[in-house]
Amino acid sequence: MKTIFEKSTGVCGVELGDDYSDVCALENVIPKSLLREGSIGLPQLSELEVMRHYKELSDRNFCIEKGFYPLGSCTMKYNPKVNEFLASLEGFSNLHPLQADEDSQGALELMYNLQEKLQYITGMDAVTLQPAAGAHGELTGMMVIKKYFEDKGELNRTKVIIPDSAHGTNPASAKMCGFDIVEVKSNERGQVDVEVLKTLLDDSVAAIMMTNPNTLGIFEEQVLEISDLMHKNGSLLYYDGANFNAIMGWTNPALMGFDVVHLNLHKTFATPHGGGGPGAGPVGVVAKLKEYLPVPIIEKNKDGKYIRNYNLPKSIGKVRSFYGNFGVLVRAYAYILMMGTNLKLASADAVLNANYIKEKLKGAYDLPYDEPCMHEFVLSGEKQHHQGVSTLGIAKRLMDSNYHPPTVYFPLIVHEAIMIEPTESESKEVLDGFIETMLKIAKEIEENPAEVLKSPRTTPIKKVDETLAARQPNLVYKD
Ligand SMILES: *Cc1c(COP(=O)(O)O)cnc(C)c1O
């Protein structure tokens, strides 16, 4: 496919009119020495040609609207279109972020109500909506934890414990806050090894960051014992809520003993997020940490008016401009209201779907942790690797059948990992189709691995020579 520059025909798509010359009289305001001499080099096409160009690009993109997207840990569920309609309502989309409180009561009310709903869902005492992603929520939460210990004068608490199955953003966020990372090993059942954890505890430990269910899709059964141990040690517990889709309404991080939680609204609460954003990573905390949250917190006055409260003297400050990604907040709020107590059903279906696929595939592929899973599970392509096709080859072969590949090579503690998360949105027919394709691929690898290695065959870019790409990288685009 050509770039839009290569498609340029010299046709002028826009008539700028007579006023244009005035606007362009830049030499009147900018010194001549700073002005561009040549043409700016913008592509020139008609409006229709521009539209076709972007449609062609869009058609190459894989999205949930095009097919099954079992990308583990990412919760690629259906995002109801009514959310888009609501987020684009003029009263929301045209509101200026600096508009006075009395002029933006609707938006403030929505944020206030969303804070309340998320408090209820997580069991936390206060919520900030400001962080723009899960990782950003982690950073915010760790800053809160750091400030809490500074405030208490416990400057000795410099370490954060993180399980070896954790998402890479966890150690990165803690490190960015200046903490030292201590890894805790998982046991043979894929859970935090409590005996090992005990040996790591002393008064230098500020917190543990946990994901539950963890990235293996396994529920940490000893979480209550762990929270007890941590609290007795004077440490706090951080809950990475990226896997919240597994537990909505069944339990919550407060019941498990966590002090700080982030949610990924774009995952669990249905905002399109395949292309990398925008997202929202609200952070909830227990009462004793509330005063450290970023400002402003949206509050309700005694007279029923909603206000932005900037008066938190111990706040970590702002972590993002204005109030976070407001459009994502609208979508999440709409989704929560629409679902109501069915959120609980969504989690149940997500867990059922994952267990269904796991049971059907576990003979053909290795299943390193053969346990009931939550909303996702991790296979290993080790057997197939020995037969000549690695996990990467399996992922590419799936693309030929219009499936987005699962997450691969993560979590790091599983060799040739294939991490599958179907979500609640898919029908049994879709799941069966995927299972059949996975079984077919396993058989193909047994019988004729060389053929499988020729995939992908249906994508705009076919198999690339990775060795050549690494040895002779060609980093400049040429026609
Ligand atoms: C997605 C994810 C994150 C990071 O969230 P972003 O919104 O992508 O920044 C952190 N932890 C886990 C377990 C995740 O799956």
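The values are calculated or read from the model by the stated rules, or taken from the named source; none is laboratory data. Everything numeric here is computed off the predicted structure, so don't read it as measured data. Don't worry about glycine lacking a Cβ; one is built from the backbone with ideal geometry, like all the others, and counts go over all protein chains shown. Ligands, DNA and RNA are stripped out before the accessible areas are found, and what is left, the full protein with its side chains, is counted by its heavy atoms. Shrake-Rupley method; radii C 1.70, N 1.55, O 1.52, S 1.80 Å.
Some values worked out for this structure:
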read-out: Members of the range 266-284 found to be more than 11 Å from the ligand (Cβ to nearest atom) and either in contact with a Cys (Cβ under 9 Å, 6 or more places away or on another chain) or of a type in the set (Ser, Thr, Tyr) (or both), listed by number; value: PRO272, GLY274, GLY275
read-out: Residue ranges of strands (runs of 3 or more DSSP E) in the range 171-254 with at least 1 members under 23 Å from ALA270 (Cβ atoms) and in contact (Cβ under 8 Å) with a residue 60 or more places away in the chain; value: 236-241
read-out: Total residues in the range 167-190, condition open to solvent by 20 Å² or more (accessible area, probe 1.4 Å), within 19 Å of the chain's Cα centre (by Cα) and among the small types (Gly, Ala, Ser); value: 2
read-out: Residue list for the range 29-61, filter: part of a helix (DSSP H, G or I) and β-branched (Val, Ile, Thr); value: VAL50
read-out: Members of the range 119-135 found to be in a helix (DSSP H, G or I) and either in contact (Cβ under 8 Å) with a residue 12 or more places away in the chain or closer than 22 Å to ALA166 by Cα (or both), listed by number; value: GLN119, ILE121, THR122, GLY134, ALA135
read-out: Test: GLY217 is at pLDDT 95 or above, closer than 19 Å to THR128 by Cβ and within 13 Å of the ligand (Cβ to nearest atom); value: no
read-out: Residue that is farthest from the chain's Cα centre (by Cα) [pool: residues in the range 255-294 that are among the polar types (S, T, N, Q) and part of a loop (DSSP other than H, G, I, E, B)]; value: THR271
read-out: Tally of residues being part of a loop (DSSP other than H, G, I, E, B) and over 18 Å from the mean Cα position of the chain (by Cα) across the range 320-335; value: 3
read-out: VAL160 outside any loop (DSSP other than H, G, I, E, B), more than 16 Å from the ligand (Cβ to nearest atom) and among the β-branched types (Val, Ile, Thr); value: no
read-out: Filter pass, GLN119 being surrounded by 15 or more Cβ atoms within 10 Å (Cβ to Cβ) and either under 24 Å from the mean Cα position of the chain (by Cα) or at negative phi (or both); value: yes
read-out: Every pair of residues 6+ apart whose Cβ atoms lie under 9 Å, when the first sits in the range 136-165 and is free of Cβ contacts under 8 Å to residues at least 24 places away in the same chain while the second is open to solvent by less than 10 Å² (accessible area, probe 1.4 Å) and of a type in the set (Phe, Trp, Tyr); value: LEU155/PHE149
read-out: Exclusive hit being among the aliphatic types (A, V, I, L, M), at pLDDT below 95 and away from the ligand (no atom under 16 Å from the Cβ), set ILE121, ILE40; value: ILE40
read-out: Residue within the range 96-104 that is crowded, with 17+ Cβ neighbours inside 10 Å and away from the ligand (no atom under 16 Å from the Cβ) present; value: yes
read-out: Test: residue in the range 298-316 that is more than 21 Å from ALA100 (Cα to Cα), under 15 Å from the mean Cα position of the chain (by Cα), at pLDDT 95 or above and of a type in the set (Lys, Arg); value: no
read-out: Scope the range 141-157; condition part of a loop (DSSP other than H, G, I, E, B) and of a type in the set (A, V, I, L, M); matching residues; value: LEU155
read-out: Which listed residue is part of a helix (DSSP H, G or I) and either among the β-branched types (Val, Ile, Thr) or within 16 Å of the ligand (Cβ to nearest atom) (or both), from GLU109, GLU138, GLU116; value: GLU138
read-out: Boolean, ILE307 is more than 16 Å from the ligand (Cβ to nearest atom), surrounded by 19 or more Cβ atoms within 10 Å (Cβ to Cβ), β-branched (Val, Ile, Thr) and not in a helix (DSSP H, G or I); value: no
read-out: Candidates GLU49, GLU84, GLU56, GLU37 - the one that is buried (at least 16 other Cβ atoms within 10 Å of the Cβ) and charged (D, E, K, R); value: GLU49
